[in-house]
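Q: Got a structure here, written out as structure tokens. Questions coming.
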Amino acid sequence: MDPNGTSISPLRIGDTPPDFEARSTVGPVRFSSYRGRWLILLSHPADFTPVCTTEFVELARQEPEFAKRDCALMALSVDSLFSHYAWLRLIKSRFDVEVRFPIIEDPTLVIGRAFGMVAPKDNDSATVRTTFFIDPAGTVRATTCYPSNVGRSIPEMLRMLDALQAIDEKGGLAPANWTPGSPLMQIPENDLDAVFGAADDTGWFLKDLSEGRGS
């Protein structure tokens, strides 16, 4: 990060995000205090917007599911802390849902720029809907970026988290449309004998984890 709080390039998978401390709807938060558990950090374009409101209603409803996976939620936007409060009060009144995870104020875009959520020369985050999946070691494991007019899929966020946790626990790869309880796949062996010795043309690289190596 440079002295102005901007990064040269957006954060990528495998990067360690910069630490920060900021005001939030639940009091001051320090990013590094979440080490030791999973964290999903997400930005939203603005308070009092239709798509963001639907996202936060559903995130609040599903927060217990993230908690079951030992994963905290944290959000930020350029809006002020008191704008966040007013928006959350409206959400509670309209949907009878309390958003209890922290929403950070980032009016100067320092955090958004440091995380690559906005370009260094942008003056607002109106087009930003970025999500970072950060593991207990503080490493970015996955990211998504949606346009402002398309809302995130909360079931897909949970599925991504489940997949990352499953491959950490069991090794292997999560195939397309993987869901908890489905087989993971083996990482292909870099071995010519395994290629020639496979039972069929795909057996050396396309195999469930449960099948074991060398079968």
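Q: In which sequence would LEU209, LEU42 go, from the one with the fewest C-beta neighbours within 10 Å to the one with the most?
A: LEU209, LEU42
Q: If I fit a long axis through the Cα atoms of helix 50-68 and take the longest principal axis of the Cα atoms of the chain, what angle between them do I get, 0 to 90°, rounded to 10?
A: 60 degrees
Q: Sticking with the crude label model, points 7 Å out along Cα→Cβ, report the distance from ALA176 to VAL26 in nm, one decimal please.
A: Placing both labels 7 Å beyond Cα along the Cβ direction yields 3.8 nm.
Q: Could I ask something else about it? By count of other Cβ within 10 Å, fewest leading, how are ARG23, ARG141, ARG61 ordered?
A: ARG61, ARG23, ARG141
Q: Taking 0.36 nm per residue of separation and subtracting the Cα-Cα distance, what length does fully extending ARG69 through ALA86 add?
A: Working: separation 17, 0.36 × 17 = 6.12 nm, distance 2.97 nm.
Gain on extension, ARG69 to ALA86, equals 3.1 nm.
Q: Take the Cα gyration tensor of the range 35-141, multiply each eigenvalue by 5, square-root it, and list the three semi-axes largest first, rounded to whole angstrom.
A: Value: 21, 20, 10 Å, ordered largest first.
Q: Let me ask you something else. Would you work out the relative contact order for the range 21-151, in percent, from Cα pairs under 8 angstrom that are 6 or more residues apart? Write down the numbers at each step before the final one.
A: Details: 237 pairs, mean separation 44.7, N = 131.
34 percent.
Q: Skipping prolines and chain starts, which residues have an amide H placed within reach, meaning under 5 Å, of the one on PHE20, given they are 5 or more residues away or on another chain?
A: Placed amide hydrogens put PHE31, SER32 under 5 Å from PHE20.
Q: Counting other beta carbons within 10 Å of each Cβ, put CYS145, CYS71 in order, fewest first.
A: CYS145, CYS71
Q: Looking at (1) 19.8; (2) 11.6; (3) 13.9, which value of mean projected area of the Cα convex hull in nm² comes from a calculation on the structure shown?
A: Step by step, mean projected area of the Cα convex hull in nm² for this structure corresponds to label (3).
Q: Please give the calculated 222 nm ellipticity per residue for the chain, where each DSSP H segment of at least 4 residues contributes -39500 (n - 2.57) and the sum is spread over every residue; nearest 500 deg cm²/dmol?
A: Mean residue ellipticity, 222 nm, calculated: -9000 deg cm²/dmol.
Every number here is computed from the coordinates shown, using simple stated rules; none is lab data. All figures in this text were calculated on a predicted structure; none of them were measured in a lab. Reconstructed Cβ throughout: ideal geometry from the backbone, glycine too, with neighbour counts over all protein chains shown.
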